[in-house]
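J.: Can you keep this structure in mind? I'll have questions shortly.
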Amino acid sequence: MTAVLGCIADDFTGGTDLAETLSRNGMRTIQLLGVPDTALASEAAAQADALVVALKIRTVPVEEAVSQALAALEALRAAGCRQFFWKYCSTFDSTPKGNIGPVAEALLQALGGDRTVVCPSFPENKRTVYQGYLFVGDRLLHETSMRSHPLTPMTDANLIRLMDAQSSRKSGLVPLETVREGVEAVKARMDELAAQGTPWLVCDALSDADLRAIGAACAGHALVTGGSGVARGLGVNFGIGADGPVPPAPVNAPGLALVLAGSCSQATQAQVARFTRQRPGFALDPLALAEDHGGYVAEAVAFARRHCPEGPCIVYSTASPDRVAATQARFGREAAGAMIERALADIAAALVETGIRRILVAGGETSGAVVSRLGVRALRIGETIAPGVPWTETLLDPANPGAPHLALALKSGNFGGEDFFMQALGLLANAN
């Protein structure tokens, strides 16, 4: 076995979301965290149909994002992958400068391609594209809470305008009526746009059937881009996935459990509120953290050490938009985010040293910071908690054979219902 599909995700929760989707659609998948070295990528490729390299590049400077993505591409090519997927959030989280467009442009150029799909649709989580506009449920993207996202505020729902602003070349639309005509009609429209010098093929998709038609039309594409939904049909192009989902391997990492929440999305706010009605919680105070980082982190660690032996507790920075805005005004947007991420990562590292083995992290940037701090480089995909969020288990790392064995759930801020945290922890409690 050699992996055929090589994927690059712009954050760690997005990588896990994609890996879970590929597994549910019949592709054996391993997630790698950070740009892998040749040995790790080759070893993983020998055990999988798809490799997902999860990077933390959603909000870094454009040049850094492009550099890391190209390095990941080279590692995946060296491992033998034959088609490549650039995965970004189903809410197209980006700024007017990028990083979705610049990375897509760099990858397409490196692969020598003349076209790629742009399709963040994920109907299972109520993200759809119609007439080139991205919807969340029945509302346009810019009419949702994403408009006030602290790092990537989305003020436009038109994917063609968004891509045109982030790229040196123009976008075109593959409308829903064409998608519904079937694979050959989609291919013909793609050929038409590519012949016009239009490489970015924004595809409408309202259902999984639409996504499968788009995926089949991408059989010959060097690069595909989008949310995890459009990847669900790619395995069939290689004769993989017809037998149904890959059975999830049981996650077996006995130990105490902890929840860390850094996302300030509406979904995570509701999840934190629900969880703290049942279990103890420590709310991080940015002012106290700024005054004495080490001392305040130690206070949070001591809180968790007191409560976790009696059941899971939560340490969180999740707050309302007003409180987030006040913190950013005081410290600056980037500095405030980095301060919180560093604190949650330090807390996780200290608690792993004292026996925590099951960690649920809410928020893409937070997940990246935590997992990087823990030195985790490879994950096996376990049981699905909610669409786009599985439990994962750390794989043995030849470069770090003494690393602790952990169960990790990395959740995008917007995913999951109000009882997600208890639901997730209950799955592991029932399994061991």
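The values are calculated or read from the model by the stated rules, or taken from the named source; none is laboratory data. A quick note: this is a predicted structure, and the numbers were derived from the prediction, not measured. Here the Cβ is made from the backbone with ideal geometry for all residues, glycine too, and neighbour counts use every protein chain on show. Surface areas here come from the heavy atoms of the whole protein model, side chains and all, with no ligands, DNA or RNA. Shrake-Rupley method; radii C 1.70, N 1.55, O 1.52, S 1.80 Å.
J.: I'd like the Karplus ³J(HN,Hα) series for the range 350-361: coefficients 6.51, -1.76, 1.60, θ = phi - 60°, whole numbers in Hz, and an x wherever there's a Gly or Pro.
T.: Once rounded to whole Hz, the list reads 5, 6, 4, 5, 9, x, 5, 10, 10, 10, 10, 10.
J.: With springs connecting C-alpha atoms under 10 Å apart, model the chain as a Gaussian network and identify which of Thr327, Thr29, Thr13 has the largest mean-square fluctuation.
T.: Thr327
J.: Per residue, how much accessible area does the range 373-432 have with a 1.4 Å probe, in Å²? Before the final figure, lay out the partial values.
T.: Working: 2290 Å² over 60 residues.
Per residue, the range 373-432 has an accessible area of 38 Å².
J.: Sticking with this one: Measure nothing fancy, just the Cα-based angle from helix 208-217's long axis to the longest principal axis of the chain, in degrees from 0 to 90, nearest 10.
T.: 50
J.: Between the range 59-109 and the range 265-293, what's the alpha-carbon centroid distance in Å?
T.: The range 59-109 and the range 265-293 have Cα centres spaced 32 Å from each other.
J.: Also, quick follow-up: Between helix 420-431 and the chain, what is the angle of the helix's C-alpha long axis to the longest principal axis, kept within 0 to 90° and rounded to the nearest 10?
T.: The angle comes out at about 80 degrees.
J.: Please compute the net charge surrounding Ile160, taking Lys and Arg as +1 and Asp and Glu as -1 over other residues with Cβ under 14 Å from its Cβ. Please list the in-between numbers first.
T.: Details: positive: Arg161, Arg169, Lys170; negative: Asp156, Asp164, Asp204.
Cβ neighbours under 14 Å give a net charge of 0.
J.: Accessible area per residue of the range 272-358 at 1.4 Å probe, in Å²?
T.: Heavy-atom accessible area per residue stands at 49 Å².
J.: Let me ask something else about it. What percent does the relative contact order of the chain come to when contacts are Cα pairs within less than 8 Å and at least six residues apart?
T.: Details: 978 pairs, mean separation 81.8, N = 432.
For the chain, the relative contact order is 19 percent.
J.: Per residue, how much accessible surface does the range 106-244 expose to a 1.4 Å probe? Answer in Å², no decimals.
T.: 39
J.: If you line up the long axis of helix 62-78 against the longest principal axis of the chain, both from Cα atoms, how many degrees apart are they, to the nearest 10?
T.: For 62-78 against the chain, the angle is about 70 degrees.
J.: Under a Cβ-Cβ limit of 4.7 Å, which cysteines in the chain have nobody to pair with?
T.: Taking the Cβ cut-off of 4.7 Å, the unpaired cysteines of the chain are Cys7, Cys81, Cys89, Cys218, Cys264, Cys308, Cys313.
J.: In addition: Just the number, please: carbon plus sulfur as a percent of the accessible area of the range 5-238, 1.4 Å probe, no ligands or DNA/RNA counted. Walk me through the numbers before you get to the answer.
T.: Working: 3890 of 7730 Å².
Carbon plus sulfur share of accessible area: 50 percent.
J.: Considering only DSSP beta bridges whose two residues both sit in the range 256-428, what percent are antiparallel, to the nearest 5?
T.: Values: 7 of 25 bridges.
If I count the DSSP bridges inside the range 256-428, around 30 percent turn out antiparallel.
J.: How much net charge surrounds Leu289 when only the other residues with a Cβ under 15 Å from the Cβ of Leu289 are counted, with Lys and Arg +1 and Asp and Glu -1?
T.: On the way: positive: Arg323, Arg330, Arg342; negative: Asp285, Glu291, Asp292, Glu299, Glu341, Asp346.
Around Leu289, the surrounding residues sum to -3.
J.: In deg cm²/dmol and to the nearest 500, what is the mean residue ellipticity at 222 nm of the chain if only DSSP H runs of at least 4 residues count, each as -39500 (n - 2.57), divided by the residue total? Could the numbers behind the result be given before it?
T.: Details: 15 runs with 174 residues, N = 432.
It lands at -12500 deg cm²/dmol.
J.: Which semi-axes, in whole Å and largest first, does the equivalent ellipsoid of the range 5-238 have when worked out from the alpha carbon gyration tensor as the square roots of 5 times its eigenvalues? Present the calculation step by step, with values, prior to reporting the outcome.
T.: On the way: eigenvalues 117, 81, 58 Å².
In descending order the semi-axes read 24, 20, 17 Å.
J.: Still on this structure, I have one more. Could you tell me what percent of the accessible area of the range 256-428 is made up of carbon and sulfur, with a 1.4 Å probe and every protein chain present? Write down the numbers at each step before the final one.
T.: Numbers: 3380 of 6720 Å².
Solvent-exposed carbon and sulfur of the range 256-428 make up 50 percent of the total.
J.: Using a 10 angstrom cutoff on alpha carbons, build the Gaussian network for the chain and name the most mobile of Arg77, Arg232, Arg277.
T.: Among Arg77, Arg232, Arg277, the largest mean-square fluctuation in the Gaussian network model of the chain belongs to Arg277.
J.: How high is the relative contact order of the range 198-281, given as a whole-number percent (alpha carbon pairs under 8 Å, six or more residues apart)?
T.: Details: 31 pairs, mean separation 15.7, N = 84.
For the range 198-281, the relative contact order is 19 percent.
J.: May I ask you to evaluate 6.51 cos²θ - 1.76 cosθ + 1.60, the Karplus curve with θ = phi - 60°, for each residue of the range 42-56 and list the ³J(HN,Hα) values in order in whole Hz, giving x for glycine and proline?
T.: 5, 5, 5, 4, 6, 10, 9, 8, 9, 10, 10, 8, 9, 10, 10
J.: Let me ask something additional. So what are the ³J(HN,Hα) numbers for the range 322-327, from phi and the Karplus equation (6.51, -1.76, 1.60; θ = phi - 60°), rounded to whole Hz, Gly and Pro as x?
T.: 5, 5, 4, 4, 5, 5
J.: Continuing with this model, one more query. Is the chain best put as rounded, prolate or oblate by its Cα gyration tensor, with a ≥ b ≥ c the root eigenvalues, rounded for a/c under 1.5, and otherwise prolate when a/b is larger than b/c, oblate when not? It would help to have the intermediate numbers written out before the result.
T.: Details: a/c = 1.78, a/b = 1.42, b/c = 1.25.
Here the chain falls in the prolate category.
J.: Out of Gly295, Gly101, Gly235, any idea which swings most in a Gaussian network model of the chain, alpha carbons joined below 10 Å?
T.: Gly295
J.: Another question, then. Would you pull out the residues with amide H under 5 Å of Gly26's amide H, same chain only if 5 or more places away, H placed 1.01 Å from N?
T.: Long-range HN contacts for Gly26: Val246.
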